[in-house]
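Input: a single structure, listed below in structure tokens.
The values are calculated or read from the model by the stated rules, or taken from the named source; none is laboratory data. Worth saying up front: this structure is predicted, and the values here are computed from it rather than measured. All Cβ positions, even for glycine, are placed from backbone atoms using ideal geometry, and neighbour counts span all protein chains on display. Accessible surface is based on the protein model in full, side chains and every heavy atom, while ligands, DNA and RNA are left aside. Shrake-Rupley method; radii C 1.70, N 1.55, O 1.52, S 1.80 Å.
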Amino acid sequence: MDLSSLIEELERRKKNSLDLIVESSSLKAVADEKCGVRLAIPEYGEFPLTDWAHGQLADKLGIPRRYYEKMREAGKTELLAENVNAWLGVRERRLLRILDGKIRAILSDRYRIMDNYDIIFLALDEFKKKETVEIFRIDLTETMLYLKAIDRTLTASIREEDIVYGGIIIRNSEVGASALRVEPFILRRVCLNGLILQYSLKKVHLGRQTLEIGEIDWSEETRELEDRALWAKVRDIIRATFDREIFEGWVKKLRESTWISIEKPIEAVNNIVKHLGLNEQQKNQLLMHFSEKTKYGLINAITRTARETENIDQQIRLEEFAGKILESPWKDFEDLFVKA
């Protein structure tokens with residue numbers, strides 16, 4: 001997704017969104033043949049749910065997800081509505097996030113709203129201060145935002161003609177799928193493989209203030225006061241992540257990984273496939289790309305497989321796992337992948 005398209009979409013979402021604090025006991029599930037159930041909200045009407053919100057509703061009410069989805073898939077909408085209504089009577093306050101006429105999230109009333117719109121513009125403001133920073137990739141899914149940027153001055157050679165760039169990945173979820181995270185990101189120039197390193201900021205979306213029931217309509221002044229401390233910290237982390245000393249520390253680890261041999265590559269791949277729950281196609285991709293039987297070769301095989309993965313959430317998971325392998329102490333790495 002290019003930047004202008006992203007901003008246009010975020011602005012559209014901002015105009016078409018609604019946030020409500022409600023009592024669970026005031027809600028009512030209505031059977032719906034298309035999506036299973038809709039939730040009726042007093043004074044606002046009935047709203048269908050996204051798949052993500054259906055999962056949250058099941059979890060909040062303590063209905064096993066497999067049973068919940070079985071009722072949806074089998075068209076047992078009346079039974080599903082009956083189950084949901086039986087447990088909605090518990091007096092709990094919830095934040096409902098609505099977009100384009102659909103409930104997209106069912107969250108705690110203490111959930112700290114950190115919208116993608118605000119995060120993108122804060123990041124862009126920081127990037128402008130350093131002219132050598134450029135956005136590498138942006139992805140926006142139903143549940144997540146991922147933004148990757150690199151600094152062209154943060155560059156080093158792992159080996160001859162094997163160049164890497166230092167950068168950053170920012171990820172956020174407006175619907176409770178993840179905390180706001182800011183992490184180092186390394187890009188390998190030769191094949192554009194990405195590597196996500198240990199995170200330096202993880203901000204859970206949980207606030208201290210209890211919100212009143214009704215529609216949330218933050219004033220600019222209130223939003224500024226609420227966000228000032230958090231955004232100041234995010235800015236500091238973004239600047240620190242582009243730090244040359246930190247980047248050189250990761251480069252050193254990558255260089256060291258080129259000397260660590262893997263004696264049983266097939267078993268190592270099997271362990272990774274089992275650990276991550278990869279399918280047969282991904283397993284074959286890993287084996288095909290694992291031509292250099294070292295820790296560095298294994299990392300590159302995983303990140304190459306990630307690049308070829310269409311699902312962006314799975315791609316990020318693989319890049320993150322490659323970072324964990326790089327960071328793993330020798331004994332842990334040896335037990336899992338060398339001895340296999």
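Relative to the longest principal axis of the C-alpha atoms of the chain, give the angle of the C-alpha long axis of helix 244-257, reported between 0 and 90° and rounded to the nearest 10°.
60
Let me have the 222 nm mean residue ellipticity of the chain computed from DSSP H runs of 4+ only, each contributing -39500 (n - 2.57), with the sum over all residues rounded to the nearest 500. Let's see the in-between values first.
Numbers: 12 runs with 149 residues, N = 340.
Dividing the helical sum by the residues of the chain leaves -13500 deg cm²/dmol.
Take region 23-76, compute every pairwise Cα distance, and split them into 5 Å bins from 0; I just need the percent in each bin.
The distribution over region 23-76 is 5, 19, 29, 29, 13, 4, 0, given as percents.
Counting pairs of Cα atoms in region 69-120, how many percent are more than 14 Å apart?
Here the long-distance tail beyond 14 Å is 70 percent of all Cα pairs in region 69-120.
7 Å from Cα along Cα→Cβ at both Ile260 and Asn284: what's the point-to-point distance in nm?
Taking the simple label geometry, Ile260 and Asn284 are separated by 3.0 nm.
Within region 290-308, whose backbone N sits under 16 Å from a point 7 Å along Cα→Cβ of Leu276?
Output list for this probe position: 290-292, 294-308.
May I ask for the angle, rounded to the nearest 10°, between helix 295-307 and the longest principal axis of the chain, with both axes built from Cα atoms and the value confined to 0 to 90°?
40
Evaluate the charge dipole of the chain about its Cα centre and quote only its size in Debye, nearest 20, assuming +1 on the Cβ of each Lys and Arg and -1 on the Cβ of each Asp and Glu. Numbers along the way, then the final one.
Numbers: 55 positive and 59 negative charges, 176 e Å.
I would put it at about 840 debye.
Put +1 on the Cβ of each Lys and Arg and -1 on the Cβ of each Asp and Glu in region 1-77; which of Thr50, Met1, Ser25 then has its Cα farthest toward the positive end of the dipole?
Ser25
Rg and Dmax in Å for the chain, alpha carbons only: what are they?
For the chain, the Cα radius of gyration and maximum Cα-Cα distance read 22.8, 67 Å.
Computed FRET efficiency, Cβ-Cβ of Cys191 and Glu245, R0 25 Å: what is it to the nearest 0.05?
Values: r = 26 Å, r/R0 = 1.06.
E between Cys191 and Glu245, to the nearest 0.05, is 0.40.
Enter the angle in degrees (range 0 to 90, nearest 10) between the Cα long axis of helix 51-61 and the first principal axis of the Cα atoms of the chain, meaning the one along which they spread out most.
Roughly 70 degrees, rounded to the nearest 10.
What Kirkwood radius, in Å to one decimal, follows from the Cα pairs of region 70-181? Don't jump to the answer; show the numbers that get you there.
Values: mean 1/r = 0.0563 Å⁻¹.
Its Kirkwood hydrodynamic radius stands at 17.8 Å.
How high is the FRET efficiency from Met1 to Ser24, r the C-beta distance, R0 35 Å, rounded to 0.05? Display every interim value, and only then the final one.
Numbers: r = 36 Å, r/R0 = 1.01.
Efficiency at R0 = 35 Å is approximately 0.50.
If contacts are Cα pairs under 8 angstrom and at least 6 residues apart, what is the relative contact order of the chain in percent?
Details: 566 pairs, mean separation 47.3, N = 340.
Once normalised by length, the contact order is 14 percent.
Rounded to a whole number, what % of the accessible area of the chain do carbon and sulfur atoms account for, probe 1.4 Å? Please list the in-between numbers first.
On the way: 8370 of 17460 Å².
Reported share for carbon and sulfur atoms: 48 percent.
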